[in-house]
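Structure first, commentary second.
The values are calculated or read from the model by the stated rules, or taken from the named source; none is laboratory data. All of these numbers come straight from a predicted model, not from anything done at the bench. No Cβ is skipped: glycine too gets one built from the backbone with ideal geometry, and neighbour counts run over all protein chains shown.
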DNA sequence: CTGTTAGCGCTTTCAA
DNA sequence: TTGAAAGCGCTAACAG
């Protein structure tokens with residue numbers, strides 16, 4: 001299929017040098033005379049030579065490939081994060097391979113085995129909840145890995161991310177600070193995600209006398225947010241605010257409210273979580289929590305590469321999230 | 001960093017067999033006695049042996065890796081497409097590496113060189129518009145590649161996708177069929193995408209007496225759709241329908257219209273393009289064009305793998321898109 | 001059915 | 001500053 005291409009020997013032959021010298025040039029090696037270097041580079045260009053990555057990897061035991069396993073890619077927050085990792089790795093000649101776990105521990109394990117078998121040198125996982133065999137595998141083979149999208153200083157591997165619990169708690173305080181006493185909380189499947197469980201814990205921590213909290217699990221998409229909100233609206237005692245653990249859910253809530261003829265935030269306040277690229281454009285603009293997806297990708301990438309290249313130890317990093325005040329949350333008007 | 005792991009010799013030693021036999025077992029080879037096979041498999045499990053992919057690739061000149069270069073990943077339609085390709089490749093032990101071109105031909109070329117240098121065996125590109133050097137590179141090295149998200153039987157490489165021109169034309173006919181005589185068309189940067197240009201051509205083809213068509217280029221995101229629509233609303237002669245070349249743009253239009261106090265579809269009809277996962281959930285539900293992203297990913301994946309594995313020739317495939325009638329388009333009420 | 005052996009293309013001491 | 005040569009771990013004839 002793929003036709004034969006120039007090899008290092010061809011370049012050596014063309015320049016009259018040895019393959020060792022060509023190799024040195026290709027690797028930016030020091031001990032090469034500028035003259036020789038130019039000659040080699042010219043020949044490479046001319047022959048359209050590209051070092052064979054498999055041979056190189058075999059020889060160095062380095063594939064310069066890192067793997068990321070994410071629950072889904074069909075979510076802007078992950079897409080943004082992945083784009084950032086890819087960008088960061090590319091800067092230093094690394095590549096990213098990804099796999100989708102659908103939030104399933106077994107699928108994640110299987111994906112990791114496949115990626116390891118593909119030569120991935122390091123792994124980026126989402127959250128801190130993983131298959132025990134996965135951790136065994138990594139430990140046994142000494143595979144560097146980090147947890148992301150979460151911050152848990154005591155986790156088995158370094159976590160690089162934000163504090164979901166604290167952030168959810170802050171959002172709740174923000175809402176109660178605006179006088180809300182009855183808040184519905186919409187979230188995706190708890191079983192699939194420790195990040196979701198952390199957020200739930202944070203929300204629950206805000207619980208106190210006179211505060212009614214209703215938790216509703218739904219599918220993690222716009223349809224889920226919409227149907228859960230619709231259901232909510234049928235209950236006799238309507239919440240004055242809806243806190244969604246994802247902007248996607250909040251978008252669904254906005255649509256359901258609009259259909260029901262309810263105004264946001266006059267009738268019901270809505271708060272999101274993520275701050276996706278469109279979150280400031282909704283009508284009304286969504287008040288939400290900004291997550292440092294891009295910074296997280298960069299941090300994860302550089303830590304892993306520094307570790308792989310220089311042995312720099314990996315360490316947990318707590319990234320800040322922050323409430324983005326826009327127009328979908330208003331103080332509750334005293335009723336009763 | 002990564003500690004030494006078992007090699008093929010270790011399992012050969014452990015089983016008292018030769019490395020050739022172990023290799024046969026690992027590759028599902030035929031001529032192996034069931035007994036031997038079991039012994040080898042057991043030893044592999046026991047030693048946690050995983051064949052070294054670099055050695056294997058070097059030996060076979062096959063990396064089982066295909067590359068996809070896409071304009072952006074932060075768009076559900078691409079995310080869905082990528083997920084489908086990944087799924088299809090994984091079924092047969094192939095891996096997917098991706099790169100983002102940001103719709104720039106030079107960036108795409110650079111990414112392709114990098115991916116080739118990483119061992120990618122085949123390429124999936126978006127659209128049919130590429131850097132001439134890229135095509136030269138592929139031709140010279142005999143790298144299999146296909147164009148996707150487009151259908152152009154006469155293109156330089158097989159195109160696997162939908163007919164953007166015809167689809168846009170169909171949407172226009174649908175709109176004019178509903179009595180719309182003044183239609184605004186919102187689209188992303190023409191310079192970045194031949195798919196967008198094709199859609200524009202399709203829309204223009206619907207041009208006829210008594211039909212006013214206004215084209216507006218904007219950024220390809222919700223904010224772009226919103227601001228373009230806002231601008232539209234200021235003009236004296238308001239269009240009765242807005243046709244967006246992406247659902248993302250349509251979402252922005254919906255928000256702008258909502259803010260302006262205009263009802264959809266009573267005051268203005270809105271039509272999208274893509275049929276993203278949330279498109280049926282908007283208020284009102286978006287009438288749009290469904291794109292076969294998942295089928296496209298599967299087709300692209302299998303064609304490339306069949307070609308790589310068996311030499312099956314690559315060929316263009318036209319996938320169908322279809323109008324999804326929902327609630328955002330209504331017949332225009334006769335005015336004047 | 002199983003073993004021997006010759007590379008795959010490159011990096012990397014070790015000498016010169 | 002450059003060259004010679006020994007592998008890296010695996011696959012694929014070829015023998016037996």
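Among residues of the range B:63-90 being out of contact with any strand residue (DSSP E or B) (no Cβ under 7 Å at 6 or more places or on another chain) and modelled with pLDDT of 90 or more, the one that is surrounded by the most Cβ atoms within 10 Å (Cβ to Cβ) is B:81.
I'd like to verify a number: residues in the range B:14-53 that are more than 14 Å from chain A (Cβ to nearest Cβ), within 11 Å of DNA strand D (Cβ to nearest atom) and assigned to a helix (DSSP H, G or I), how many? Matching residues across the range B:14-53 total 7. Residues that are within 13 Å of DNA strand C (Cβ to nearest atom) and more than 30 Å from residue A:314 (Cβ to Cβ) do not occur anywhere in the range B:46-57.
Please verify whether the range B:273-281 includes one or more residues that are assigned to a helix (DSSP H, G or I) and free of Cβ contacts under 8 Å to residues at least 24 places away in the same chain. No: zero hits. For the range B:54-69, a residue qualifies if it is more than 7 Å from every other protein chain (Cβ to nearest Cβ), on the phi < 0 side of the Ramachandran plot and more than 10 Å from DNA strand D (Cβ to nearest atom), and the qualifying residues are B:65, B:66, B:67, B:68, B:69. Could you check residue A:241 against (1) within 18 Å of the chain's Cα centre (by Cα); (2) touching a residue at least 60 places away in the same chain (Cβ under 8 Å) and say which number it fails? Condition not satisfied by residue A:241: (1). Within the bounds of the range B:239-248, is there any residue that is at pLDDT below 95, outside any helix (DSSP H, G or I) and either within 20 Å of residue A:251 (Cβ to Cβ) or away from chain A (no Cβ under 12 Å) (or both)? Among the residues of the range B:239-248, not one is at pLDDT below 95, outside any helix (DSSP H, G or I) and either within 20 Å of residue A:251 (Cβ to Cβ) or away from chain A (no Cβ under 12 Å) (or both), which makes the answer no.
For the range A:58-93, give me the residue count where each residue is within 16 Å of DNA strand C (Cβ to nearest atom) and touching a helix residue (DSSP H, G or I) at 6+ places or on another chain (Cβ under 6 Å). Selection size over the range A:58-93: 3.
Inclusion of residue B:137 among residues that are more than 8 Å from chain A (Cβ to nearest Cβ), out of contact with any strand residue (DSSP E or B) (no Cβ under 7 Å at 6 or more places or on another chain) and within 23 Å of residue A:47 (Cβ to Cβ) is not warranted. Against the conditions (1) closer than 29 Å to residue A:56 by Cα; (2) within 11 Å of another protein chain (Cβ to nearest Cβ); (3) crowded, with 20+ Cβ neighbours inside 10 Å, residue A:146 satisfies every one except (2). For the range B:115-134, a residue qualifies if it is in contact with a helix residue (DSSP H, G or I) (Cβ under 7 Å, 6 or more places away or on another chain), within 14 Å of chain A (Cβ to nearest Cβ) and within 15 Å of residue B:70 (Cα to Cα), and the qualifying residues are B:122, B:123, B:134. In the range B:18-31 there is at least one residue that is farther than 28 Å from residue B:302 by Cβ, within 16 Å of DNA strand C (Cβ to nearest atom) and surrounded by 17 or more Cβ atoms within 10 Å (Cβ to Cβ). Would you call residue B:280 within 11 Å of chain A (Cβ to nearest Cβ) and at pLDDT below 95? No; evaluated as a whole, the condition is false for this residue. The conditions of being modelled with pLDDT under 95 and either farther than 24 Å from residue B:276 by Cα or more than 18 Å from the chain's Cα centre (by Cα) (or both) are not met by residue B:227. The sole residue among A:99, A:110 that is touching a helix residue (DSSP H, G or I) at 6+ places or on another chain (Cβ under 6 Å) and more than 7 Å from every other protein chain (Cβ to nearest Cβ) is A:99.
For the range A:205-222, state whether one or more residues are surrounded by 16 or more Cβ atoms within 10 Å (Cβ to Cβ), free of Cβ contacts under 8 Å to residues at least 24 places away in the same chain and within 14 Å of another protein chain (Cβ to nearest Cβ). Checking the range A:205-222: not a single residue is surrounded by 16 or more Cβ atoms within 10 Å (Cβ to Cβ), free of Cβ contacts under 8 Å to residues at least 24 places away in the same chain and within 14 Å of another protein chain (Cβ to nearest Cβ). Here residue A:293 meets the list (1) touching a strand residue (DSSP E or B) at 6+ places or on another chain (Cβ under 9 Å); (2) farther than 17 Å from residue A:79 by Cβ almost entirely, failing just condition (2). Just checking, does the range B:173-187 include any residue being farther than 20 Å from residue B:147 by Cα and exposed (fewer than 14 other Cβ atoms within 10 Å of the Cβ)? The answer is yes, given that some residue of the range B:173-187 is farther than 20 Å from residue B:147 by Cα and exposed (fewer than 14 other Cβ atoms within 10 Å of the Cβ). Looking only at the range A:1-13, filter to residues that are in a helix (DSSP H, G or I) and more than 8 Å from DNA strand D (Cβ to nearest atom); which one of those is nearest to the chain's Cα centre (by Cα)? The qualifying residue nearest to the chain's Cα centre (by Cα) is A:8. Taking the criterion of being surrounded by fewer than 16 Cβ atoms within 10 Å (Cβ to Cβ) and at pLDDT 90 or above, the residues of the range B:114-134 that qualify are B:132, B:133.
Here's the yes/no breakdown for (1) in contact with a strand residue (DSSP E or B) (Cβ under 8 Å, 6 or more places away or on another chain); (2) part of a helix (DSSP H, G or I); (3) at pLDDT below 95:
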| site | (1), (2), (3) |
| --- | --- |
| A:223 | no, yes, no |
| A:250 | yes, yes, no |
| A:253 | yes, yes, no |
| A:262 | no, no, no |
